[in-house]
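Right, one structure below, let's go through it.
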Amino acid sequence: MRIAYLECFSGISGDMFLGALVDAGVPPELFTQTVKALGVDAHLEISRVDRSGISAMKVDVIAAGEKELPREEFAATVGHGHASHGDSGHSHGEHSHSHAVQEHKEEEHHHDHSHGHDHEHEHGKNTHTHEHQHRGLKEIRQIINQASISQTAKDRAIKIFEALGAAEAKIHNTDIEKIHFHEVGAIDAIVDIVCASVGAEVLGVDAWICSPLNVGGGTVVCAHGTFPIPAPATLELLKNAPVYSGEIQKELVTPTGAAIVSVLANRFSRFPAMKTEKTGYGAGTRSFKSFPNVVRLSVGETVEAHLSLLPMEEISVLEANVDDMTPQIFGYVMDRALQEGALDVFGTSVQMKKNRPGMLLTVLCQTEDSQRLTRMIFAETTTLGVRMRQETRARLARRHLSINTKWGEVRMKLANLNGSVSNYAPEYEDCRRIAEQKHVPLKTVMQEAIKVYLEQDHG
């Protein structure tokens, strides 16, 4: 199975991830074309830099004419209040900015910063005050959806933005659709997130694995007070990921970086058994003494793919019997389990004691998620016990390929066995959307998608 492994020993930000993708072989021209396709006021500067003796790629987003704009400008708005963020950090803390309700989102690696209503450069230059327009998630979705990139990349980019918005909404106790982003910062984040989604797809891996993340240390000053690192949005996004604090007392993981990892990573672990083909280093803005401020991306094949015909993995199986719960709640629990990271969930009709009809709830999950899902089952169902066991399963590697039918784009889900496609099927939701929009029978759309795929696959 072809995998990508992210080592976040010095944290991660959106810009660092893009740099690692370029260094691992993603063509820089692809990112340039992607920015043009978005139709926003931005362009990229890509260069090779040195970080404590490590050669790495640095990607700078020039948004609205500003280079390395701190994401204090990237603000989420609740009513008249703002929660701000930053990703590309200035080493001297320039461009301070203040909001009524503010949270530091991302300074792309990593700067001490203060907040005021004026933008003040540390050396007393260019002090000015200006108003910012805002973009809501609805507008951001529209920008992404109208770009000429694959549907898979669009869906992933929107999912990352929604993860970012959901974290802010929870922190500020509001609805996700009420979250807005400062226009300049939103452009910067749109470029980071969409390019990350496009680059991740082009890399062509079956799974993404991430190391434990070094979040840094110290504190970050926000308009609503001083918070320990990681900042609230970052911590919310990484609530199911292994994190730690190392010797660097700066913010190392930014919310955009955390959002990308939270959506992209299939699981978290130490370096997996793999045959490495490519390695890429993405640089942060700061250069720490004797500590490379980079994220490392390794791409290759798992060792198991070379030693066995069937890739194997250990999973947890959770089971619970219920006979006193309404069907509506059972359906809700199944949806919750999938949202919480379950690999699969299903119900089986059973006959229980006292001849009562009941249901057997079965949840398949990664071992590290079993405790959390067990607590969810106890909280949401009427069961008094959950059985759990470890099982080994053979799992075919899976990936998506976008094809163009005469009605629109459809993703094909492909299953691979030892490098060859062993199964394929059109994504139901894509076919359903086309069927409803174009008033075409669903089975016709699915048949057409398979026909186009086979014609393309076999020339």
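The values are calculated or read from the model by the stated rules, or taken from the named source; none is laboratory data. Just so we're clear, the structure is a prediction, and the values are computed from it rather than from any experiment. Neighbour counts are summed over all protein chains in view; Cβ atoms, including those assigned to glycine, are modelled from backbone coordinates with ideal geometry. Note: areas computed on protein heavy atoms with side chains; ligands, DNA, RNA excluded. Shrake-Rupley method; radii C 1.70, N 1.55, O 1.52, S 1.80 Å.
Across region 151-219, Cα pairs under 8 Å and at least six residues apart give a relative contact order of 40 percent.
Of the GluC sites (Glu not before Pro) in region 229-331, which ones lie in a loop per DSSP and count no more than 11 other C-beta atoms within 10 Å?
Numbers: sites: Glu236, Glu247, Glu251, Glu277, Glu301, Glu304, Glu313, Glu314, Glu319; in loops: Glu247.
Here the sparse-neighbourhood loop sites are Glu247.
Here region 264-365 has 53 percent of its accessible surface on carbon and sulfur atoms, given a 1.4 Å probe and all protein chains in place. Think of region 320-400 as having a plus end and a minus end, set by charges on the Cβ of Lys, Arg, Asp and Glu; of Val345, Thr383, Phe330, Val345 sits farthest toward the positive end of this dipole.
With every protein chain left in place, what is the accessible area per residue of region 216-297 in square angstrom, probe 1.4 Å? Intermediate values should be presented prior to the final figure.
Values: 3550 Å² over 82 residues.
Result: 43 Å² of accessible area for each residue.
Please give the Cα centre distance for region 195-254 versus region 266-302, rounded to the nearest Å. Between the Cα centres of region 195-254 and region 266-302 lies a distance of 15 Å. For region 366-459, the per residue solvent-accessible surface stands at 62 Å², with DNA, RNA and ligands left out and a 1.4 Å probe.
To the nearest 20 Debye, how big is the dipole of region 170-303 about its Cα centre, given +1 on the beta carbon of each Lys and Arg and -1 on that of each Asp and Glu? For region 170-303, the charge dipole is close to 500 debye.
In the P(r) worked out for region 329-398, what percent of Cα pairs fall beyond 15 Å? The partial results should precede the final answer.
Details: 1382 of 2415 pairs.
It works out to 57 percent of all Cα pairs.
Highest mean packing first, where packing is the average number of other Cβ atoms within 10 Å per residue, the peptides 166-173, 209-216 line up as 209-216, 166-173.
Within the straight-line cut-off of under 30 Å between alpha carbons, the lysines reachable from Lys178 are Lys36, Lys67, Lys105, Lys138, Lys154, Lys159, Lys170, Lys239, sequence neighbours fewer than 8 places apart in one chain being disregarded. Of the trypsin sites (Lys or Arg not before Pro) found in region 178-265, those that fall in a DSSP loop while having at most 15 other beta-carbon atoms within 10 Å are Lys239.
For the peptides 53-60, 14-21, 345-352, the ranking by packing is 14-21, 53-60, 345-352, with the highest mean count of neighbouring Cβ atoms within 10 Å listed first.
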